[in-house]
Amino acid sequence: MLLRNTSVAIASLFTLSSPVTLAFSDIQSYWAKDCVQRLGERKLITGYPDGSFRPNATVTRAEAAVLMLNAFPDAPVKRTATTFKDVLSNYWASKAIATAYQKGFFSGYPGGVFQPNQAIPRAQIIGVVAGAKNYSPLPSPTQTLQQYFNDAAQIPNYAQSSIASATINSIVVNYPQAKQLKPQQSATRGEVAALVCRALNIYTVPPQYIAGVEVHPQEVRPLPGKLDTIPTFNSNSPELVTTEGILLSTFPPDGKQVKEAHLNYPFQGRFDLFAHHIVRAETSAQSRTVHQGIIVHNPGNEPITLQVLQAASYLSREAPFIALPDVVDNPQSTVYSGPGSRTMNDVLRGNRQESFPEKLVIEPGETQILANLPIPVQAPSSNGRTTMMRLASSGPVYLANLAKNSNLSPTLAEWQKLLDTSSLAGKRDPIPTPLDPPREPTVFSRVAGVSQGTQWQANLTDNPNVSQLTIPQPGKAFSYPLGTVHLITLSTGQIQSAPMLKRYPDTAYFAHSNYGVEYNLTLPLQNSSNQTQTVTVSMQTPVKDEGGTDRLLFLKPRVEQIFFRGTVRVHYTDDNGGEKTRYVHLVQRRGQTGEPLVTLKMLGGEKRQVQVDFLYPPDSTPPQVLTVRTE
């Protein structure tokens, strides 16, 4: 990466051929030493022949070009090649500069020059890395920057939008003062290393130097319990449906034209069904109705009864993504934001919509329609549908979820023909990154297959051998992570994602985020002191972090990226001794501490039980935590 042009060093700089990683000799007291060392271990950076790293030396634009190719090797080519007047063909970084230009990392200066030996300003390298991350632009970048930095007025106009996006995504690192960006100063090797660590989710930068991050010292404990083994028909890929075809089929491939579209998995007994798909029309010619058909087949010799225990399905138009307060009581199921929020609320309450049958009796060898669900769309707009069912079958059945353009509800014969002759619907989502070993950047992708696990029940106690959960000391808190996935465990190492029993090869390896999985969490709180204490139980949405189980990171100022929206049920004994159940709709943004679900005034020695239940809602992003705090 960041080497001056010593000929021997430059070869390993670009080719990453160094066979041995050594500790750098001059970073032991450097504030970002762990980050520098980790990048060295991953061969993203190299040092000097004398074993030093020289973290306070500046970085040239040529060195930064090499770094970007090392850090983002899979970035696509965005434009045709060009030649810079000041980069000769025999210049040590000529190939890297040419490639970095084609991938859009860098542009040149007026007059057709690149200025490869210019020390790169901090504003410029932050903008370059933000561009590689493809962050969405903000509506008011100047106003955003003024909230974060005392020297925001010094940020050049060309970099304001990219730096604002990088800042709210928590990759901007400023030492020693987080609010001092120093945008026009030359970037040092150590500063650029810290920026790259944040961009690649390498959690080694001391969080007090990350712009906008607040460190909350508190214990993070793995969540007790585990997922059950009940399977789920899990249909979420493709999320955006552009062509007709098979969304998910667990039918056998026998007799089917596209055999690889059928996963051959029979369901029997209890199982769940989750589906979430979107249709979009950008022009009037694309306005249409796509029907989502769910069919069930009995392959056996005896009639089979399929019971629909709970079921709900909503379109985005029936549950629009409206702005709601952070916490709203939802006693009558009238509060929701998005089809996922509304669907999970209905199933949590044990409801079955009237449009779904109470049961189907399927004769031997026959197929029946379980649901015919329209998704109408008029240009220019999109419409999505979320569906959740809890089912029980008296014998083996196969299911398929199919998509067909049709203004009228397709017949069973039409669905059967599509099942027998069609391939997988498009457009296909990005192919997931292999998770063993974990790597960054990671594409989790969308789920299509049979996942294992519909419910996570947990009794949260001090340890497995006791029956109580001792409240924290005054002013302290502890938390349990919810919905953790690979690379996002809050340092617990606990991955709660449901494993896939069957999946299409281009879809997710796990049911990341556990959409539709019900969490039932019991907290038998005990105040072991002899003083009255005020205790709160909250859901929170901390920033992704793997830096230790002794802290959580939150954001200030608040950002607008919504990471959770859904209804939570809380049952507890209130301070007057009465049993109370609340349904509370929560909206939480990335890095939001959250307001208490329950506040209890517990007498010395008192025990009080709190029960928290929810279905992890679609349109949410992990991690969340359940936090117990003594005020």
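Taken as a whole, the condition of being of a type in the set (Val, Ile, Thr) and within 20 Å of Ser249 (Cβ to Cβ) does not apply to Thr343.
Yes or no, residue by residue, for (1) surrounded by 15 or more Cβ atoms within 10 Å (Cβ to Cβ); (2) among the charged types (D, E, K, R); (3) under 21 Å from Leu501 (Cβ atoms); (4) in contact with an Asp or Glu (Cβ under 7 Å, 6 or more places away or on another chain):
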{"site": "Ile246", "(1), (2), (3), (4)": "yes, no, yes, no"}
{"site": "Phe251", "(1), (2), (3), (4)": "yes, no, yes, no"}
{"site": "Asp254", "(1), (2), (3), (4)": "no, yes, yes, no"}
{"site": "Gln257", "(1), (2), (3), (4)": "no, no, no, yes"}
{"site": "Ala261", "(1), (2), (3), (4)": "yes, no, yes, no"}
{"site": "Pro266", "(1), (2), (3), (4)": "yes, no, yes, no"}
{"site": "Ile278", "(1), (2), (3), (4)": "yes, no, no, yes"}
{"site": "Val290", "(1), (2), (3), (4)": "yes, no, no, no"}
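Lys427 meets all of the listed conditions (1) touching a Pro at 6+ places or on another chain (Cβ under 8 Å); (2) surrounded by 12 or more Cβ atoms within 10 Å (Cβ to Cβ); (3) touching a residue at least 40 places away in the same chain (Cβ under 8 Å) but one, namely (2).
Filtering the range 58-96 to residues that are in a helix (DSSP H, G or I) and closer than 17 Å to Leu44 by Cα leaves Arg61, Ala62, Glu63, Ala64, Ala65, Val66, Leu67, Met68, Leu69, Asn70, Ala71, Ala96. Within the range 454-500, restricting attention to residues that are surrounded by fewer than 21 Cβ atoms within 10 Å (Cβ to Cβ) and of a type in the set (Gly, Ala, Ser), the residue that is farthest from Ala261 (Cα to Cα) is Gly475. Going by the conditions given, is Ile202 surrounded by fewer than 22 Cβ atoms within 10 Å (Cβ to Cβ) and among the β-branched types (Val, Ile, Thr)? Yes: the conditions hold for Ile202.
Has the range 309-323 got any residue that is more than 25 Å from the chain's Cα centre (by Cα) and among the aliphatic types (A, V, I, L, M)? Within the range 309-323, one or more residues are more than 25 Å from the chain's Cα centre (by Cα) and among the aliphatic types (A, V, I, L, M).
Looking at the range 535-563 only, could you name the residues that are out of contact with any helix residue (DSSP H, G or I) (no Cβ under 9 Å at 6 or more places or on another chain) and either assigned by TED's automatic domain parsing to the domain that holds Lys179 or not in a loop (DSSP other than H, G, I, E, B) (or both)? Val535, Thr536, Val537, Ser538, Met539, Gln540, Thr541, Leu552, Phe554, Ile562, Phe563, listed by residue number. Tally the residues that are in contact (Cβ under 8 Å) with a residue 12 or more places away in the chain and either surrounded by fewer than 14 Cβ atoms within 10 Å (Cβ to Cβ) or assigned to a loop (DSSP other than H, G, I, E, B) (or both), restricting the search to the range 155-175. Residues meeting the conditions: 9.
Within the range 45-93, the residues that satisfy the criterion of being among the β-branched types (Val, Ile, Thr) and under 29 Å from the mean Cα position of the chain (by Cα) are Ile45, Val77.
Here's the yes/no breakdown for (1) out of contact with any helix residue (DSSP H, G or I) (no Cβ under 8 Å at 6 or more places or on another chain); (2) polar (S, T, N, Q):
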residue: Asp34; (1), (2): yes, no
residue: Gln37; (1), (2): yes, yes
residue: Pro49; (1), (2): no, no
residue: Thr58; (1), (2): no, yes
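Residues of the range 566-575 include at least one that is touching a residue at least 60 places away in the same chain (Cβ under 8 Å), of a type outside the set (A, V, I, L, M, F, W, C) and either surrounded by fewer than 20 Cβ atoms within 10 Å (Cβ to Cβ) or in contact with a Ser or Thr (Cβ under 6 Å, 6 or more places away or on another chain) (or both).
Going through Leu603, Leu615, Leu586, Leu597 one at a time, which residue ends up being under 22 Å from Phe444 (Cβ atoms) and either touching a Cys at 6+ places or on another chain (Cβ under 6 Å) or in the same structural domain as Val485 (by TED's automatic domain parsing) (or both)? Spell out the reasoning first.
Details: Leu603 fails: under 22 Å from Phe444 (Cβ atoms); Leu586 fails: under 22 Å from Phe444 (Cβ atoms); Leu597 fails: under 22 Å from Phe444 (Cβ atoms).
After ruling out the rest, the residue left standing is Leu615.
Would you confirm whether any residue within the range 240-252 is of a type in the set (A, V, I, L, M, F, W, C), assigned to a loop (DSSP other than H, G, I, E, B) and under 23 Å from Gln378 (Cα atoms)? Within the range 240-252, one or more residues are of a type in the set (A, V, I, L, M, F, W, C), assigned to a loop (DSSP other than H, G, I, E, B) and under 23 Å from Gln378 (Cα atoms).
Pairs linking a residue in the range 607-631 that is over 13 Å from Val570 (Cβ atoms) to a residue that is assigned to a strand (DSSP E or B) and hydroxyl-bearing (Ser, Thr, Tyr), with Cβ atoms under 6 Å and 6 or more positions apart or on different chains, are Pro618/Thr386; Gln624/Thr541; Val625/Ser479; Thr627/Ser479; Thr627/Ser538; Arg629/Thr536; Glu631/Thr534. Within the bounds of the range 67-78, is there any residue that is surrounded by fewer than 20 Cβ atoms within 10 Å (Cβ to Cβ), out of contact with any Lys or Arg (no Cβ under 9 Å at 6 or more places or on another chain), modelled with pLDDT of 95 or more and farther than 15 Å from Phe114 by Cα? No, there is no match, as no residue in the range 67-78 is surrounded by fewer than 20 Cβ atoms within 10 Å (Cβ to Cβ), out of contact with any Lys or Arg (no Cβ under 9 Å at 6 or more places or on another chain), modelled with pLDDT of 95 or more and farther than 15 Å from Phe114 by Cα. Might you let me know whether the range 302-315 holds any residue that is modelled with pLDDT of 95 or more, among the hydroxyl-bearing types (Ser, Thr, Tyr), farther than 30 Å from Thr549 by Cα and surrounded by fewer than 18 Cβ atoms within 10 Å (Cβ to Cβ)? Yes, the conditions are met somewhere in the range 302-315. In summary, strands (runs of 3 or more DSSP E) completely within the range 347-455 and bearing 3 or more residues that are within 30 Å of Gly566 (Cβ to Cβ) occur at 367-377, 381-405, 448-452. Among the residues making up the range 224-235, those that are assigned to a loop (DSSP other than H, G, I, E, B) and in contact with a Leu (Cβ under 9 Å, 6 or more places away or on another chain) are Pro224, Gly225. Among the residues making up the range 262-284, those that are among the aliphatic types (A, V, I, L, M), out of contact with any Gly (no Cβ under 8 Å at 6 or more places or on another chain) and either closer than 19 Å to Asn236 by Cβ or without any contact (Cβ under 8 Å) to a residue 40 or more places away in the chain (or both) are Leu273, Ala275. The set of residues from the range 176-198 being surrounded by 21 or more Cβ atoms within 10 Å (Cβ to Cβ) and not in a loop (DSSP other than H, G, I, E, B) comprises Arg189, Gly190, Glu191, Val192, Ala193, Ala194, Leu195, Val196, Cys197, Arg198.
Conditions tested, residue by residue: (1) in contact with a Phe, Trp or Tyr (Cβ under 7 Å, 6 or more places away or on another chain); (2) within 23 Å of Asn56 (Cα to Cα); (3) among the polar types (S, T, N, Q); (4) not assigned by TED's automatic domain parsing to the domain that holds Pro55.
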residue	(1), (2), (3), (4)
Ser140	no, no, yes, no
Gln146	no, no, yes, no
Phe149	no, yes, no, no
Gln154	no, yes, yes, no
Asn157	no, no, yes, no
Val196	no, yes, no, no
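The values are calculated or read from the model by the stated rules, or taken from the named source; none is laboratory data. All of these numbers come straight from a predicted model, not from anything done at the bench. Every residue, glycine as well, gets a Cβ built from its backbone with ideal geometry; the counts of neighbours run over all protein chains shown.
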